[in-house]
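One structure below.
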Amino acid sequence: MTEITQFDQLDIGEELLRAVKEMGFSQPTPIQARTIPLMLEGLDVIAKAPTGTGKTCAFGIPLIECLNTACTDIQAVVVCPTRELCLQITEELRALARFRPDVRVVAIYGGQPIRKQLDALKKQPHIVVATPGRLLDHMGRGTAWLGNVYTAVLDEADEMLKMGFIRDVRKILNATPADTQIVMFSATISREVMDVSWEYQNAPEEITVAAEGDDRPDIAQFKMQAEGGARVQDMLDIIKALDLHRVMIFGNMKATVRQLDDKLRKRGLSVDCLHGDMPQSQRNRVMSSYRDGKLEMLVATDVAARGIDVDDVEAVFNYDLPDENEYYVHRIGRTGRAKRHGVAFTFYSPEDVFRLRDIAKYTRSDITPFTLNEARVPVLEDGTPIAAMLEAKETTV
Ligand code: ADP
Ligand code: MG
């Protein structure tokens with residue numbers, strides 16, 4: 001098979017090509033170039049690719065292309081671990097279907113009143129994007145029927161299965177026809193991912209997009225030992241020195257995130273937060289104002305931010321070290337997406353040294369130490385300002 005480098009080399013409709021162009025994509029990413037032809041052929045696929053490599057369109061384009069919109073049954077389900085991701089995928093699919101008014105996509109997730117979703121399901125969507133629990137709920141009520149599903153996609157399969165959704169996912173897959181095309185996307189191929197693949201996929205095509213190389217997001221990573229109490233001021237000094245206006249700050253615990261949001265807000269900053277205890281409507285509001293650029297800072301827990309795609313995050317701050325190595329990748333993956341440059345700052349305590357070393361090793365990251373000088377400007381150990389270093393990087397590409 002010849003290697004695909006342009007969208008118009010793919011066997012897809014004019015409307016999709018136009019939509020992709022309007023979304024500002026000039027070329028398919030490697031995962032898209034490899035997944036789309038296989039999915040169009042109806043094959044089962046298991047794809048391993050790091051965050052930010054364009055997986056949503058990799059399955060979104062073939063899903064839309066293969067629909068028979070004259071049929072009123074659900075033809076494709078995308079199952080994903082969180083409501084945020086669910087909304088985000090739905091948005092991306094709708095953008096892809098911009099010139100296909102015949103295509104109906106619906107998001108089904110926990111936390112939203114079931115009533116609203118019942119109405120949406122009555123409109124006979126072709127594609128349902130769902131979190132496992134709520135989808136099962138609808139299946140049980142008879143308001144979502146998967147008996148005519150052609151393709152089932154499991155997005156962020158490792159996360160989803162790790163979160164204990166494995167039984168739900170099995171029930172969902174069991175409700176689809178035996179010959180349903182099953183496509184799995186995952187950042188890592190865990191034991192659970194392999195089990196589900198083995199159990200449900202039929203001679204799957206395996207695709208791996210390495211974390212290294214061309215499409216590894218280009219993220220400059222820095223670390224600084226800092227006292228808990230000093231971190232807020234340190235962060236603000238860095239933000240000021242680098243003139244950042246779109247940052248994401250991660251904390252492990254809801255309480256940390258809440259307090260941090262509070263402290264920043266009291267200083268009159270444009271900030272809001274995202275954590276698991278917030279009602280969904282509020283989370284959606286926060287997400288969209290951040291995405292629209294109305295908020296400069298977003299403070300979030302790992303779970304609340306999982307899988308979210310926000311464009312143009314200039315910098316990520318790890319207010320504390322993530323609990324799990326994989327979270328580090330997820331956190332910093334919010335910046336440097338789709339080949340843009342990004343920067344990530346990690347604060348740590350003396351007792352974190354070994355943990356941080358482990359994170360760097362596991363994620364094969366180079367994390368450069370830095371400090372704040374007397375002028376409160378972030379500099380490398382040799383005194384080079386980080387701002388100068390980042391600028392040099394921008395101009396060399
Ligand atoms: P993943 O699911 O692999 O983490 P996403 O699907 O969320 O990645 O895509 C990451 C970002 O890249 C999004 O902002 C998306 O709009 C953008 N993107 C997707 N495909 C392309 C492309 N072909 N060219 C440029 N940007 C793209
Ligand atoms: Mg994704």
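The values are calculated or read from the model by the stated rules, or taken from the named source; none is laboratory data. Everything numeric here is computed off the predicted structure, so don't read it as measured data. Note that we place each Cβ from the backbone using ideal geometry, even for glycine, and neighbour counts take in every protein chain shown.
A compact table of results
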| read-out | value |
| --- | --- |
| Qualifying residue in region 23-43 (condition: hydroxyl-bearing (Ser, Thr, Tyr) and modelled with pLDDT of 95 or more) | yes |
| Candidate set: region 38-48, residues that are more than 16 Å from ILE89 (Cβ to Cβ) and in a helix (DSSP H, G or I); chosen: the one farthest from ligand 2 (Cβ to nearest atom) | LEU40 |
| Qualifying residue in region 14-37 (condition: closer than 16 Å to ALA210 by Cα, free of Cβ contacts under 8 Å to residues at least 60 places away in the same chain and within 13 Å of ligand 2 (Cβ to nearest atom)) | yes |
| Only listed residue being in contact (Cβ under 8 Å) with a residue 60 or more places away in the chain, within 12 Å of ligand 1 (Cβ to nearest atom), of a type in the set (Val, Ile, Thr) and within 27 Å of LYS162 (Cβ to Cβ), chosen from ILE74, ILE89 | ILE89 |
| Any chance THR51 is assigned to a loop (DSSP other than H, G, I, E, B), within 10 Å of ligand 1 (Cβ to nearest atom), on the phi < 0 side of the Ramachandran plot and within 19 Å of the chain's Cα centre (by Cα) | yes |
| Test: LEU16 is away from ligand 1 (no atom under 13 Å from the Cβ) and modelled with pLDDT of 95 or more | no |
| Single match in THR56, THR72, THR90 (criterion: of a type in the set (Val, Ile, Thr) and within 12 Å of ligand 2 (Cβ to nearest atom)) | THR56 |
| Hits in region 265-285 (condition: farther than 22 Å from GLY110 by Cα and in a loop (DSSP other than H, G, I, E, B)) | ARG267, GLY268, LEU269, SER270 |
| Residues of region 101-118 that turn out to be of a type in the set (Lys, Arg) and either buried (at least 19 other Cβ atoms within 10 Å of the Cβ) or in contact with a Pro (Cβ under 6 Å, 6 or more places away or on another chain) (or both), as a count | 1 |
| Helices (runs of 4 or more DSSP H) wholly inside region 128-245 that include at least 1 residues being surrounded by fewer than 16 Cβ atoms within 10 Å (Cβ to Cβ) | 132-141, 166-174, 191-200, 231-241 |
| Neighbours by Cβ (under 7 Å, 6+ apart or cross-chain): first from region 345-366, touching a residue at least 40 places away in the same chain (Cβ under 8 Å); second of a type in the set (Lys, Arg) and assigned to a helix (DSSP H, G or I) | PHE347/ARG231 |
